[in-house]
1. Which one of these is touching a residue at least 60 places away in the same chain (Cβ under 8 Å), buried (at least 16 other Cβ atoms within 10 Å of the Cβ) and under 38 Å from the mean Cα position of the chain (by Cα): Phe90, Phe83, Phe95?
2. Take Gly81 and decide whether it is assigned by TED's automatic domain parsing to the domain that holds Arg209 and either within 15 Å of Ala257 (Cβ to Cβ) or at pLDDT 90 or above (or both).
3. Looking at segment 231-245 only, could you name the residues that are at pLDDT 90 or above, among the aliphatic types (A, V, I, L, M) and assigned to a loop (DSSP other than H, G, I, E, B)?
4. Counting only residues that are on the phi > 0 side of the Ramachandran plot and at pLDDT below 85, which one in segment 2-60 is farthest from the chain's Cα centre (by Cα)?
5. Surrounded by 10 or more Cβ atoms within 10 Å (Cβ to Cβ) and not assigned by TED's automatic domain parsing to the domain that holds Val111: is that true of Leu19 in this structure?
6. With Leu271, Leu228, Leu284 as the choices, which residue is more than 17 Å from Asp169 (Cα to Cα) and either at pLDDT 95 or above or not assigned by TED's automatic domain parsing to the domain that holds Glu156 (or both)?
7. Quick one: in segment 282-321, which of the residues that are surrounded by fewer than 15 Cβ atoms within 10 Å (Cβ to Cβ) and among the hydroxyl-bearing types (Ser, Thr, Tyr) is farthest from Val368 (Cα to Cα)?
Amino acid sequence: MNRAAFHEGLRRMRFESLLDRQTSGEITQAEAAEMLGISERTFRRWTCRYEEEGAAGLSDGRLGRPSPKRAPAEEIARMLGLFEDKYADFTVKHFHEQLRKRHNYKLGYTVTKVHLQRAGFVRPAPKRSAHRKKRPRRPFIGMMLHQDGSRHAWLEGQAPLDLIVTLDDATGAIYSAFLVEEEGTASTFRGLREAIERHGLFCSLYTDRGSHYFFTPQAGGKVSKTQLTQVGRALAHLGIEHIAAYSPEARGRSERAFRTLQDRLPKELRLAGIATVEAANAWLAGTYIGEYNRSFAIEPLEEGSAFVADTAGVWRETLCVIEERIVANDNTVAWAGRRLQIPPSRLRPHFVKASVRVHEYPDGTVSVFLGPHRLATFDAGGAEIVSAPAAMSLAPCSEPSRPSPAGRAKGAALTAPAREALTGVRAGTEKRASSRTKKRTSGEVHTAT
């Protein structure tokens, strides 16, 4: 006996008992109808049908008849065949999305799940036990971002790779996602640069305690607030608070996102026919991140944004590896086993023993700075990248105010513009004709006489 027939029999028994009590005058029709949870008019109709047809008059005429809204058997059979042949490792929700996207499937998610369970292809999910209350989300976008990496076999049949994801705490929207061989400082800077370039500076970053994020004096202990990594130095310079997570449960936002991505992303990459890291990263940025956010991102609790535009572009020279070096006697700088040759510059005759800064960017290029001046830029192999000359911070030099003495180099003086600026404001600097009488020579006196 199915559930509907059982409930019908139970209702019939209760009706017959209450009808006897109403007939004997123990209760009224209104009281009997209230006990059955029906209206008084329905109770009278049931009474008439019972007197005319007996117990059969109380039967539900819909039982045993197929619903007019029943799913077509052919469509159910097609769906089950597709699942068995092509999507056996998909979850029901992911499978239903692909059916609607790729196979012109019109039936709903619930009927799909029910028939898959009836066919034995999937098992009903176990009931979840009670758990602690989750940390409330930040009310505005840009108040907190999460960044984490997950090592997994993202490309079918290939070695595991790290997927680096940067997402917003308020909405769960992914701002950056890409595959790399191994998570580290360069991948961290790349994710932050992509997020800041599109949205602006944010308030805080929540990460694990990886060695590229924090320096931990004692294993398993608190992170150091004074000894900063390259990532810590960059975030402090940009005014972004860096928050350390001390357990996987504390990173619940990113952990749940990775659980979804590990289930869905490899299958999506397989369906798209992608087999290389470069193609996967291009597809992630151009297609998948937008689709993921439309499916899983939620609306923030408050309207508005905590992102701040970096109009000066400070992040470009901050989100990179920065170290100081001393220039060698041959005007070269040692960096990662390479010698970077500093070209001649008008800033000074040479740079021997000068303290310079080396900036290594996520793409592998390197720049050498003296104070605010960029001396040169090199590619990943150490070869100088020659670009169009940029305007220098110093004023352009002019011709010297008087010829150089013999033997002195005829070069433009850096102080010439300053001398020219003072020319118009000096007083009494031009020579005037002298009024004193010159002492005449004897020849001049003889001629005058």
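The values are calculated or read from the model by the stated rules, or taken from the named source; none is laboratory data. Just so you know, these numbers come straight off a predicted model, no measurement behind them. Note that each Cβ is placed from the backbone with ideal geometry, even for glycine, and that neighbours are counted across all protein chains shown.
1. Within the list Phe90, Phe83, Phe95, the selection yields Phe90.
2. no
3. Ile240 - this is the single residue of segment 231-245 that is at pLDDT 90 or above, among the aliphatic types (A, V, I, L, M) and assigned to a loop (DSSP other than H, G, I, E, B).
4. Once the filter is applied, the top-ranked residue is Gly54.
5. yes
6. On the way: Leu271 fails: either at pLDDT 95 or above or not assigned by TED's automatic domain parsing to the domain that holds Glu156 (or both); Leu228 fails: either at pLDDT 95 or above or not assigned by TED's automatic domain parsing to the domain that holds Glu156 (or both).
Residue meeting the stated conditions: Leu284.
7. Restricting to residues being surrounded by fewer than 15 Cβ atoms within 10 Å (Cβ to Cβ) and among the hydroxyl-bearing types (Ser, Thr, Tyr), the top hit is Ser295.
Condition check ((1) farther than 24 Å from Ala285 by Cβ; (2) at pLDDT below 95; (3) surrounded by 14 or more Cβ atoms within 10 Å (Cβ to Cβ)) across all residues:
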position: Thr185; (1), (2), (3): no, yes, yes
position: Thr216; (1), (2), (3): yes, yes, yes
position: Ser224; (1), (2), (3): yes, yes, yes
position: Ser247; (1), (2), (3): yes, yes, no
position: Gly252; (1), (2), (3): yes, yes, yes
position: Arg256; (1), (2), (3): no, yes, no
position: Arg259; (1), (2), (3): no, yes, no
